[in-house]
Each structure stands twice: as C-alpha cells, then as structure tokens.
Amino acid sequence: MLLIIRSECPELLTKNKAQWTAPWVAHYRWQSNGSVDQERPKKPTDNHWLKDEIRLLLIRDFHNNCGYCGESLPTPQGILASKGDVDHFLPKSIKPELVYEWTNYIWSCKPCNELKNEFYSVNYPLLNPCCAEDCAMLVFIEDTGRYVLQNTVANNNSWPERFKNSEQKTMLNADEVCQNRRLKISMLRNRFTSVAVYLDMIHPLPAISNSFQEFIDRDITEILEVVNNTPDFHFLLKEHYQLLRQKYPQVAELLG
C-alpha cells in the first residue's frame, strides 16, 4: 500500500453533496418519536458516485490500481471505465453523512471491496491508502512481496491491530497478490542488474560492445515496458524504478 494523492473534489460532487446526502442521513439516522404514523424514510437507491465525473477521476487518481492491494483492474478494450468499485472507506450505514464525501472514496478491486464489506472500527480502523501517516507505517519486503509494520510501532497499542484488520479485511497480503508483487519487482531488479553487468564488461573491452548491445537493448526495452505499460502495482513499480535508477546511474543514463 503506497500513498495515493487525491485530486480536488469534482465540481459535480461539491455542488450536489448536501442534496444527495440528506436522504441517506434521514434513513440511517431516523428515530421514531413514538408517533404511529411516522414511518422511517426509505433507504436511498441512488449511486451518484458512479457518475463519470466522479468515478473516472477516482480511477485516474489511483492509476486503476486497488487502493488496498495494488492489483490492477482489467478494463475491456474500448471501455473507458474500469471494472472496479468505488468503496466507501467508512461504510454508508455507519457514516451516512460521508456517503458523498470525496475523501471517503477508495478505488477498490471487487475482492477487497467484498472482503471489507461494511467493516468499521472506531479504535482500529483499516489503514487508509490516502493517509500519509498510515502508508508510512508500512514496509514492503521485496523477497516475499508482503507489507509489514515498521519496527518502531510493532509494540504500539493501535498500529498492530489496525494492520491485522487490514490484512484480514482486504487482500493487502493475500498470497497470490504477494506473489505477483514479488515477481514484478524481482524482474525489474534483474533487468537493471543485467544491464549493469554488461556495461561493466564492455567498459574495459570496447571491442566486444556489439556482442552485448542486443542484450542491453532487450533489457532496457523490458524495463520501460514494465514501468510504463504494466498497470499492476503502478505506484510500487514507480517507487522501485526510481530506487534502482539511483543505485545504477549507468543504467539510468540509457533509460533517459
């Protein structure tokens, strides 16, 4: 889970939030005053959060990656809107006043959204991919593809519980997701290392450079393909790409 920087709230949402929110609050906050003719307002059936002006902006902010696990969400060719879900981080039934709050929306894959369901905890909420503090508490372990808590908060009263809830209620550290992360980062690192080795071999023996150029070009192409055209784990790949560029400046020069 890496930090997502949100765009400004869509104008459509800003203009209509109060009007759209009122029926949800009326339904979930309704209390009978004892009058027999006072009926509870019906549960609203609107879902304005699926309007293109709102949903597509959320997809762009998250680069079509699930905010919880980072998996990409397949989009059929020719279809503009991805097949993910607009998740309400704080559930509609618990916090109806936030049903149309822009900062309460997380772009989510269906497995994460279904697993999370209407989970809510006052003391130990899920880690929020749009909260810098929450994301800073996580460390990615390249060898396993898993996220773990920073050692500095391992004995804290709340962080371990929040992390455990996030593991149980989302696909954050699901085995298949971790395997996919590990393979992508490993491939990226292997290509950088491979190019660096070839360049070291060429340096003292310029005459053999042509023999290795084909392999170098292949690896450079694959690096750029992974970083620029692979939707899975966009933020994770970008972060490690920059780290590898710093570690291998000679390779970075070839990447432009």
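The values are calculated or read from the model by the stated rules, or taken from the named source; none is laboratory data. Just so you know, these numbers come straight off a predicted model, no measurement behind them. As a convention, Cβ positions derive from the backbone with ideal geometry for all residues, glycine included, and neighbour counts pool all protein chains shown. Only protein heavy atoms, including side chains, enter the accessible area calculation; ligands, DNA and RNA are left aside. Shrake-Rupley method; radii C 1.70, N 1.55, O 1.52, S 1.80 Å.
Determine the relative contact order of the chain: mean sequence separation of Cα pairs under 8 Å and six or more apart, normalised by residue count, in whole percent.
Working: 312 pairs, mean separation 47.8, N = 256.
Relative contact order, the chain: 19 percent.
Residue 120: accessible area at probe 1.4 Å, nearest 10 Å²?
80
Can you run phi through the Karplus equation (6.51, -1.76, 1.60; θ = phi - 60°) for region 234-244 and list ³J(HN,Hα) in whole Hz, with x for Gly and Pro?
Taking θ as phi minus 60°, the curve returns 3, 5, 5, 5, 4, 5, 6, 4, 5, 5, 6 Hz for region 234-244.
Using helices alone, what [θ] at 222 nm do you get for the chain, with -39,500 (n - 2.57) per DSSP H run of 4 or more residues, divided over all residues and rounded to the nearest 500?
Values: 9 runs with 121 residues, N = 256.
-15000 deg cm²/dmol, from helical runs alone.
Within region 101-255, how many Lys pairs that are eight or more residues apart, or on different chains, come under 28 Å at the alpha-carbon?
15
Can you pull the semi-axes for region 162-256, root of five times each eigenvalue of the Cα gyration tensor, sorted largest first, whole Å?
Details: eigenvalues 227, 27, 23 Å².
Ellipsoid half-lengths, sorted descending, are 34, 12, 11 Å.
List the equivalent ellipsoid semi-axes of the chain in whole Å, largest first, each obtained as the square root of 5λ for an eigenvalue λ of the Cα gyration tensor. Don't skip to the end; give the middle numbers.
Numbers: eigenvalues 411, 86, 36 Å².
Rounded to whole Å, the semi-axes are 45, 21, 13.
Of the trypsin sites (Lys or Arg not before Pro) in region 63-162, which ones lie in a loop per DSSP and count no more than 12 other C-beta atoms within 10 Å?
Details: sites: 83, 92, 116, 146, 162; in loops: 83, 92.
For trypsin sites (Lys or Arg not before Pro) across region 63-162 that sit outside H, G, I, E and B with at most 12 neighbouring Cβ atoms in 10 Å, the list reads 83.
Find how many whole Å separate the alpha carbon centroid of region 48-68 from the alpha carbon centroid of region 97-151.
16
Which percent of the accessible heavy-atom area of the chain goes to carbon and sulfur, probe 1.4 angstrom?
Values: 7190 of 14100 Å².
The C+S portion of the solvent-accessible surface of the chain is 51 percent.
Give the residue list of GluC sites (Glu not before Pro) in region 108-152 that are DSSP loop and have at most 16 other beta-carbon atoms within 10 angstrom. Don't jump to the answer; show the numbers that get you there.
Working: sites: 114, 118, 133, 142; in loops: 118, 142.
Passing sites in region 108-152 are 118, 142.
Looking only at 143, 87, 200, which one moves most when the chain is put into a Gaussian network model with springs between Cα atoms under 10 Å?
Checking each option, the largest mean-square fluctuation is seen for 200.
Please list 141, 185 from largest to smallest accessible area, probe radius 1.4 Å, with all protein chains kept in place.
Values: 141 60, 185 5 Å².
Output order, biggest surface exposure first: 141, 185.
What does the accessible area per residue of the chain come to in Å², with a 1.4 Å probe and no ligands, DNA or RNA counted? It would help to have the intermediate numbers written out before the result.
Details: 14100 Å² over 256 residues.
Spelled out: the 1.4 Å probe surface of the chain, per residue, equals 55 Å².
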